[in-house]
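Notes to accompany the following structure.
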Amino acid sequence: MCLVGVLLTHGTSADVVQHASRAIAAVAAHDRDAVVQAGGINQLIAALKKHTASASVVAAASDAITSLAFESVRNSEAIVSTGGIKPLLEALRNHAKAADVVVAVTRALRNLAWRSTHSGKAIALADGIPALTEALTVHASSPDTVVPIIEAIGNVAFSDTESAHATALGCCIPHVIAALRAHAGSPAVVAAACSTLRHIAGPDATQCAAVVRASAVRDVSAVLRAHVGVAATAAAACALLADIAVHDPGSRAAIAAATLTTVVEAMRQHAAHEHVIVQVLSLLCNLAASADVAVAVADAGCVAAITSAWKGHSNSPNVAEMAIGALANIAEASADCSREVVSRALEQVVAACTAFADSDAVAGSSANLFNILAAGGESAAIVKAGGIAAVVGALAAHLGHEQVAEDACKALNRLATDSTDYQAVIAAVAGADALLKAIKLHADVEGVVLLACSVLTALAANAATRPTVLAAGAVTALEELRVWCAGGHDSHALLLAFTRTLAELRKA
């Protein structure tokens, strides 16, 4: 590639290197492979090292690296392995007050750290986090400059989660929040700051506490209200608040008080944006994990808003999973909440079990919701809507998934306990066969076995449904498991469960 040749031939001329780097950046924007194959990575890094004092060369070479690294982990890691991090950080320090250079370098660092643990760790190990924090401080008054700096910090935090760098990332928190507060009117700054704070705080409860102490709940709630109509900003703010709600339950009431009206409005305004809907549902799900907040969520009209938003994305398992999870937490709060969920969403939940039969997440969350509703006295509504067939179908389709199996068995046990009529429905949809298969696959998992055996015992005690349990081969299967358990498996509870179910089946 002739442009790379220019760098090789005229590498001592800053003007020539600058123009060649600009041209390479333009080519890399649409044909990165050609630049890489021609040795462009080595030459760009060499140019950075040789002309680190030249702002124009640094900016041009950084722009070319930005294009090469854009959403390419392979190219990013090649640049890092060739030694690209050190000269970029040196350039950031040497031209700390030059906004155009800072923007160019931090964009390059941002793209290098994108989804690459190797690159993110390399930046952190080279003291890149303090360098970026310093740049954020120097350019705090410029929204256009702080955006790529904050995004670079966020990508490093996301890709490098080692506790060794937690202190450096923690030092970023007040500066990022200060930028959020100073530029609250800029959707770009708000989205970048919320995403970065989430990447810093998301995996670490200690860091999350630091974010909360820095008044993030108040500030993020305020910018969410101010930018509710901007999809990227609304999604980023909701995602951060959702993570805070997980790590800091004490913040849930404050978040709910400040955002519920806005959240409903966000679902209305962004009905077509799946990403926004998923993040809003995640926030509602986490807020509703506290019963008192769940009631407030329901009172704010969120159940109707959830079902409406979900209907607009009926082909999305991600939306279904999050919607059902939120509805389950709301339903568990009170009998009134359960009734509202039943009246507005039950048929949708049953339909989702069929539509996303291959989704572990949808199957598990649906079974959990059915169990909660049954515990709240809504078994008749579940059965009428076809919920038993949905649960048995979920169990049969996800037998190997322990949590799904346990959730499904829990729901079936609740329903079987409620009525012999419901036992007949379980038997009619091949429930006994699915339960036996679950027991065989999870024979040493008490949560699955005890619940499944309880349902089978109820079916065996019912003269109308005992034949289906016997026809499924329950006696032979459970006897084998009982012998296996008695032969050395250290669980009295499992042995007792197998023995009780067998005793019921062997009654005349």
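A few points about this structure:
- Scanning the range 274-290 for residues that are of a type in the set (A, V, I, L, M, F, W, C), under 12 Å from residue 234 (Cβ atoms) and open to solvent by 10 Å² or more (accessible area, probe 1.4 Å) yields a single hit, 278.
- Residues satisfying the stated conditions in the range 265-319, i.e. touching a residue at least 24 places away in the same chain (Cβ under 8 Å), more than 19 Å from residue 229 (Cβ to Cβ) and among the charged types (D, E, K, R): 292, 311
- For the range 121-145, taking the residues that are hydroxyl-bearing (Ser, Thr, Tyr) and open to solvent by 50 Å² or more (accessible area, probe 1.4 Å), the one that is nearest to residue 157 (Cα to Cα) is identified as 137.
- The range 472-506 - residue that is touching a residue at least 24 places away in the same chain (Cβ under 8 Å) and open to solvent by 40 Å² or more (accessible area, probe 1.4 Å) and, of those, nearest to residue 417 (Cα to Cα): 500
- Qualifying positions in the range 145-173 - acidic (Asp, Glu) and closer than 13 Å to residue 191 by Cα: 151
- The range 162-190, residues that are open to solvent by 50 Å² or more (accessible area, probe 1.4 Å) and in a loop (DSSP other than H, G, I, E, B): 162, 185
- Answer residue from the range 172-199, given it is among the polar types (S, T, N, Q) and more than 16 Å from residue 212 (Cβ to Cβ) and is farthest from the chain's Cα centre (by Cα) among those: 186
- Condition met for residue 470 (within 40 Å of the chain's Cα centre (by Cα) and at pLDDT 95 or above): no
- Selection status of residue 165, more than 22 Å from the chain's Cα centre (by Cα), on the phi < 0 side of the Ramachandran plot, of a type outside the set (Gly, Ala, Ser) and modelled with pLDDT of 95 or more: no
- Search result, residues across the range 1-39 that are at pLDDT 85 or above and over 23 Å from residue 74 (Cα atoms): 18
- Residue count for the range 399-420, restricted to those that are over 18 Å from residue 462 (Cβ atoms) and open to solvent by less than 10 Å² (accessible area, probe 1.4 Å): 4
Listed here are the residues, each with its yes/no results for (1) over 20 Å from the mean Cα position of the chain (by Cα); (2) buried (at least 21 other Cβ atoms within 10 Å of the Cβ); (3) part of a helix (DSSP H, G or I).
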{"site": "245", "(1), (2), (3)": "no, yes, yes"}
{"site": "253", "(1), (2), (3)": "yes, no, yes"}
{"site": "272", "(1), (2), (3)": "no, no, no"}
{"site": "292", "(1), (2), (3)": "yes, no, yes"}
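- Residue satisfying all of: in the range 191-207; under 21 Å from residue 130 (Cα atoms) and of a type in the set (Gly, Ala, Ser); surrounded by the fewest Cβ atoms within 10 Å (Cβ to Cβ) among these: 202
- Pairs, first touching a residue at least 40 places away in the same chain (Cβ under 8 Å) in the range 190-203, second assigned to a loop (DSSP other than H, G, I, E, B) and of a type in the set (Phe, Trp, Tyr), C-beta under 9 Å, six or more apart: none
- Residues of the range 459-471 satisfying the condition of being in a helix (DSSP H, G or I) and either open to solvent by 70 Å² or more (accessible area, probe 1.4 Å) or free of Cβ contacts under 8 Å to residues at least 40 places away in the same chain (or both): 466, 467, 470, 471
- Any hit, the range 328-348, residues being under 24 Å from residue 204 (Cα atoms), of a type outside the set (S, T, N, Q) and crowded, with 24+ Cβ neighbours inside 10 Å: no
- Flag if residue 34 is touching a residue at least 12 places away in the same chain (Cβ under 8 Å) and within 18 Å of residue 114 (Cβ to Cβ): no
- Each residue in the range 352-385 was checked for being in a helix (DSSP H, G or I), in contact (Cβ under 8 Å) with a residue 24 or more places away in the chain and of a type outside the set (S, T, N, Q), and 18 of them qualify.
- There is at least one residue in the range 446-455 that is within 17 Å of residue 493 (Cβ to Cβ), over 32 Å from the mean Cα position of the chain (by Cα), open to solvent by less than 10 Å² (accessible area, probe 1.4 Å) and at pLDDT 95 or above.
- Among the residues of the range 386-405, those identified as more than 23 Å from residue 345 (Cβ to Cβ) and part of a helix (DSSP H, G or I) are 396, 402, 405.
- Some residue of the range 208-226 being open to solvent by 20 Å² or more (accessible area, probe 1.4 Å) and touching a His at 6+ places or on another chain (Cβ under 9 Å): yes
- Within the range 99-120, the set of residues being assigned to a loop (DSSP other than H, G, I, E, B) and buried (at least 19 other Cβ atoms within 10 Å of the Cβ) comprises 113, 114, 116.
- Looking across the range 321-360, the residues that are of a type in the set (A, V, I, L, M, F, W, C), under 21 Å from the mean Cα position of the chain (by Cα) and within 19 Å of residue 287 (Cβ to Cβ) come down to 322, 323, 324, 326, 327, 328, 330.
- Failed condition for residue 423, given (1) modelled with pLDDT under 95; (2) open to solvent by less than 20 Å² (accessible area, probe 1.4 Å): (1)
The values are calculated or read from the model by the stated rules, or taken from the named source; none is laboratory data. Just so it is clear, the model here is predicted, and its values are computed rather than measured. We place every Cβ from the backbone using ideal geometry, glycine too, and count neighbours over all the protein chains shown. Protein only, heavy atoms only, side chains kept; ligands, DNA and RNA dropped before computing areas. Shrake-Rupley method; radii C 1.70, N 1.55, O 1.52, S 1.80 Å.
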